[in-house]
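Visitor: Supplied in structure tokens, the structure appears directly below.
Derivation of every value follows stated rules applied to the coordinates shown; laboratory data play no part. Please read these numbers as outputs of a predicted model, since none were measured by experiment. Methodologically, a virtual Cβ is constructed for each residue, glycine included, from the backbone with ideal geometry; neighbour enumeration extends over all protein chains shown.
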Amino acid sequence: MMMIAFGICYYSVRTKIPLSVETPLLRRMLHIGLFAFLGQAVGTVLLQFDTLCVSGIMKNAEATGIYNTAALAYQQLIALVGGILYTVFPYVAKHRDDLPLLRRRYWELSSKLFILSAAGGIGAWFAAPIFFPILGRDFAASVGPFRILVVGSLFRAQYVLVNTYLDALGRTDVTFMTGLLAMVSNIVLNLVFIPRWGVPGAAWATVISLFSAWWFAKRRFII
């Protein structure tokens, strides 16, 4: 409903409200803003869909809780690299007309980000059997899916990096399409994997979806 309401507002501004100053620029801003909004909406769905699938397909409250705990813990791993990503946007916006420079800088940041996120992931991998039981004996079952999702955190960090570049370059349409790709692939993979492998299948669906979305977004920026 929010997407529909935003689309109606966007259409109204473009067609019914008189724009006397810098109309092409305002339309460009609305175009970027619309796809940025849709991209955020798709990303929110992506983060929640695995848990919804586990609940809807397995119809097991315990399994849902196990996966949801693992997913919430995995989502915090991005905080390890968040500080770097926050500084990327203004740098890219400042040098948006120098794509060769941005591409060189991207590869530098990508390699360093991978090392940092891998180090954090390895630490989280070994800490998981200690951390989850602290919350309660039943939470120990979250270790398995969490360790699978740790692999996905490597791709998620890279995905956020390239999307930050694309957003700063005004290509929110591409970030929306990559998010949509991730969501659709996640839906399909969950429907295939969960009935066969249960909670681990949901985790692998997320990993594969993040990898495919990152690969598509990277190719759009690099090429």
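Visitor: Could you tell me how many of the residues in the range 196-223 are more than 22 Å from Leu113 (Cβ to Cβ) and either out of contact with any Gly (no Cβ under 8 Å at 6 or more places or on another chain) or outside any helix (DSSP H, G or I) (or both)?
Guide: Qualifying residue count, the range 196-223: 7.
Visitor: Restrict the check to the range 68-85 and report whether at least one residue is in contact with a Pro (Cβ under 8 Å, 6 or more places away or on another chain) and either among the aromatic types (Phe, Trp, Tyr) or assigned to a helix (DSSP H, G or I) (or both).
Guide: yes
Visitor: Hey, another quick one. Search the range 135-158 for residues that are part of a helix (DSSP H, G or I) and pair each with any residue that is polar (S, T, N, Q) when their beta-carbon atoms are under 7 Å apart and the residues are at least 6 apart or on different chains.
Guide: If the second residue must be polar (S, T, N, Q), the pairs left are Phe139/Thr69; Ser142/Thr69; Leu149/Thr206; Gly152/Thr206; Ser153/Ser117; Leu154/Ser117; Ala157/Ser117; Gln158/Ser110.
Visitor: If we scan the range 112-123, do we find a residue that is exposed (fewer than 12 other Cβ atoms within 10 Å of the Cβ) and not hydrophobic (A, V, I, L, M, F, W, C)?
Guide: Within the range 112-123 (the criterion being exposed (fewer than 12 other Cβ atoms within 10 Å of the Cβ) and not hydrophobic (A, V, I, L, M, F, W, C)), the answer is no, since none of the residues qualifies.
Visitor: Do you know which residues across the range 86-101 are in a helix (DSSP H, G or I) and either more than 25 Å from Arg171 (Cα to Cα) or touching a helix residue (DSSP H, G or I) at 6+ places or on another chain (Cβ under 6 Å) (or both)?
Guide: Val88, Phe89, Val92, Ala93
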